[in-house]
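Take a look at the structure below.
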């Protein structure tokens, strides 16, 4: 009888230790996903800091392209007012769309393409876009690890008891695969 009681106690201790270990790994993965999203936001901020400089460099030459500048400003405002990751991702998609139209316009103006300031800013913006792409991929990989932990048995039991739920991936906006059209 004593051996059975010791065996039950050992099994219960192992179950409790597994529960603590699983809970701690869920916390770690959740914080990692939050941290990775913050890195995406850092790169978005770098992009947002570059955009006004590019717009101002281009504005004087392209007065007739005011709608592009307005779209960029509106999208930046939506991003700064967004509260959730999904809202921020949607607003970032709008910024990318408006920025794509601006870059297409710049391509069609030889005097802009030859401007050293515009070239430098476009190069910096390209670097920002590459960083954002890498950080989004890292964010999605981190969310994947977290979601797998939340969904797999038996950690799914601990996750549901402690309130951990799956997270959303960063998804491109519908139509993001299409190049912007610019007509003159």
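Of 49, 43, all but one fail to be part of a helix (DSSP H, G or I), at pLDDT below 90, out of contact with any helix residue (DSSP H, G or I) (no Cβ under 7 Å at 6 or more places or on another chain) and within 29 Å of residue 134 (Cα to Cα); the exception is 49.
Any residue in the range 1-14 that is touching a helix residue (DSSP H, G or I) at 6+ places or on another chain (Cβ under 9 Å) and assigned to a helix (DSSP H, G or I)? Looking through the range 1-14, none of the residues is touching a helix residue (DSSP H, G or I) at 6+ places or on another chain (Cβ under 9 Å) and assigned to a helix (DSSP H, G or I). When residues in the range 6-34 are screened for being without any contact (Cβ under 8 Å) to a residue 60 or more places away in the chain and closer than 30 Å to residue 78 by Cβ, 2 of them pass.
In the range 152-184, the qualifying residues are those that are in a loop (DSSP other than H, G, I, E, B), under 30 Å from residue 20 (Cβ atoms) and in contact with a helix residue (DSSP H, G or I) (Cβ under 8 Å, 6 or more places away or on another chain), and the one that is modelled with the lowest pLDDT is 169. With respect to the conditions (1) surrounded by 14 or more Cβ atoms within 10 Å (Cβ to Cβ); (2) closer than 28 Å to residue 90 by Cα, residue 151 lacks only one, and its number is (1).
The values are calculated or read from the model by the stated rules, or taken from the named source; none is laboratory data. Keep in mind that what you see is a predicted model, and the values were worked out from it rather than measured. Neighbour counts are summed over all protein chains in view; Cβ atoms, including those assigned to glycine, are modelled from backbone coordinates with ideal geometry.
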